[in-house]
1. Is it the case, given these coordinates, that Glu87 is at pLDDT below 85, on the phi < 0 side of the Ramachandran plot and not hydroxyl-bearing (Ser, Thr, Tyr)?
2. In this structure, is Thr110 exposed (fewer than 10 other Cβ atoms within 10 Å of the Cβ) and among the hydroxyl-bearing types (Ser, Thr, Tyr)?
3. Please go through segment 69-108 and give me each residue that is among the acidic types (Asp, Glu) and not in a helix (DSSP H, G or I), ordered by number.
4. Could you please tell me which pairs satisfy a Cβ distance under 8 Å, a separation of 6+ or placement on different chains, a first residue in segment 77-92 that is charged (D, E, K, R), and a second residue that is surrounded by 10 or more Cβ atoms within 10 Å (Cβ to Cβ) and part of a helix (DSSP H, G or I)?
5. Hey, can you tell me all the residues within segment 1-29 that are of a type in the set (A, V, I, L, M, F, W, C) and in a helix (DSSP H, G or I)?
Amino acid sequence: MGFFTGFFGGFVFTTSVLYITVQVHRSTRISQRKAIHAQVEQIDWLTSSAGAYDRRFLPEDLTRQRREELEAQNQPEPTLKEILKHEWNKEVEVLTRKAHETTWEDVRDTAAEGWKAAARAVKRE
């Protein structure tokens, strides 16, 4: 195994492990945040002054924002697979956009300049 192959293989392996570790940590933190938020909401509901003596007197009309929050909580939490798929799709979209915006003339000119530089370097040696 050559130096560059080993170096880049190690680099890819290390960055992959770090990326997956960060994504797992992020998903864990998100689930913890949701659980704590739900517990705080339950405690607030239990200790609210409206209807403190009789829960039948609690106001039942929820604001639109609160209804949306409750509906969002009922949505299933994205799995690690879905998060990684979303990140992959974003990277593919960036690369596709870059490939679409690149002109063949620029590629040809860059390749010609690189070939000329390589030929000059070989001739000097």
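1. So Glu87 does not fit the description; no.
2. Criteria not met by Thr110.
3. Answer for segment 69-108, where residues must be among the acidic types (Asp, Glu) and not in a helix (DSSP H, G or I): just Glu77.
4. Final answer for the pair search is Glu77/Ser27; Glu77/Ile30; Glu77/Ser31; Glu77/Lys34; Glu87/Gln23.
5. Answer for segment 1-29, where residues must be of a type in the set (A, V, I, L, M, F, W, C) and in a helix (DSSP H, G or I): Phe3, Phe4, Phe7, Phe8, Phe11, Val12, Phe13, Val17, Leu18, Ile20, Val22, Val24.
The values are calculated or read from the model by the stated rules, or taken from the named source; none is laboratory data. All values reported here derive from a predicted model rather than from experimental measurement. Here the Cβ is made from the backbone with ideal geometry for all residues, glycine too, and neighbour counts use every protein chain on show.
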